[in-house]
Amino acid sequence: MTLLKSIVVCLVLANAGYFLWARGIAKPAESPAKIVAAATLKLASESAVAAHVTSADMGNSAAPHADPDAGLLTNVNRCISVGPFRDVSEAARAATTLRGSGYDPRQRVADGDVWAGVWVYLPLPASRAAGEQALAKLKAGGIDDALEMPGPNEGSVISLGLYSESKRAQARVAQAQALGFNPGIADRKRTGNVYWIDIDLKPTDSLLNPADLQGESGRIVRLEVKSCPSVAGAAL
């Protein structure tokens, strides 16, 4: 009987163990691979940081292929030159105006062509006698400074004056027309030392308007705005 009871007890224990195992109460040991995977898990914040670093690395690797001119107008100061001015006094007046507007102008001298004024002239008649008659008529009409000189093109002309003010040039044209002549006008330039003003613009500054540097009332100014040279001329 004792042996029989032992057998029955073993069968009951075996059935109970099988029942517990089938219900999932007893879990199998995890495999080494799963243990390693669990050990490498990261917090959500750590994952976000890693993603950010990865994005930054990708951006840096793509930087050499980006547009080299991107951001020039927003991150880099621009240097512009205003001129050319005929003499130091004109450049100094313009520099004073720019300082009053909050800029820090730098003057420099360079070789080049500068506008000298508006030239009023008459084509010279074909014959010598006709030319002398035209000069005599002009002088009799009050244009005493009329004289023969080389013209803007090949050949000679009768010069009626060089003017830096628009009103004076127009008045001389009207005076010659009243005498029966039809004068022409042309810009005259001279070669020699000219003066420029260099200015560093902030990223938010707009380009200058040369008309804002108009000095004397009615005076004609032929100024331009361009990029500063790579090597600036001698500063004044």
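Coordinate-derived values only; no laboratory data. Computed from a prediction, not measured in an experiment: that's the story for all the values here. Heads up, the Cβs are rebuilt from the backbone with ideal geometry, glycines too, and the neighbour counts pull from every protein chain shown.
Please determine whether any residue of the stretch 180-194 is touching a Gly at 6+ places or on another chain (Cβ under 7 Å) and over 24 Å from P150 (Cβ atoms). No, that holds for no residue.
Suppose the filter is buried (at least 19 other Cβ atoms within 10 Å of the Cβ), within 40 Å of the chain's Cα centre (by Cα) and either under 17 Å from R188 (Cβ atoms) or not small (G, A, S) (or both); does V118 pass it? It is true that V118 is buried (at least 19 other Cβ atoms within 10 Å of the Cβ), within 40 Å of the chain's Cα centre (by Cα) and either under 17 Å from R188 (Cβ atoms) or not small (G, A, S) (or both).
For the stretch 194-210, a residue qualifies if it is surrounded by 15 or more Cβ atoms within 10 Å (Cβ to Cβ) and assigned to a strand (DSSP E or B), and the qualifying residues are V194, Y195, W196, I197, D198, I199, L201. Taken together, the residues in the stretch 99-137 that are basic (K, R) and either in a helix (DSSP H, G or I) or over 30 Å from R86 (Cβ atoms) (or both) amount to 3.
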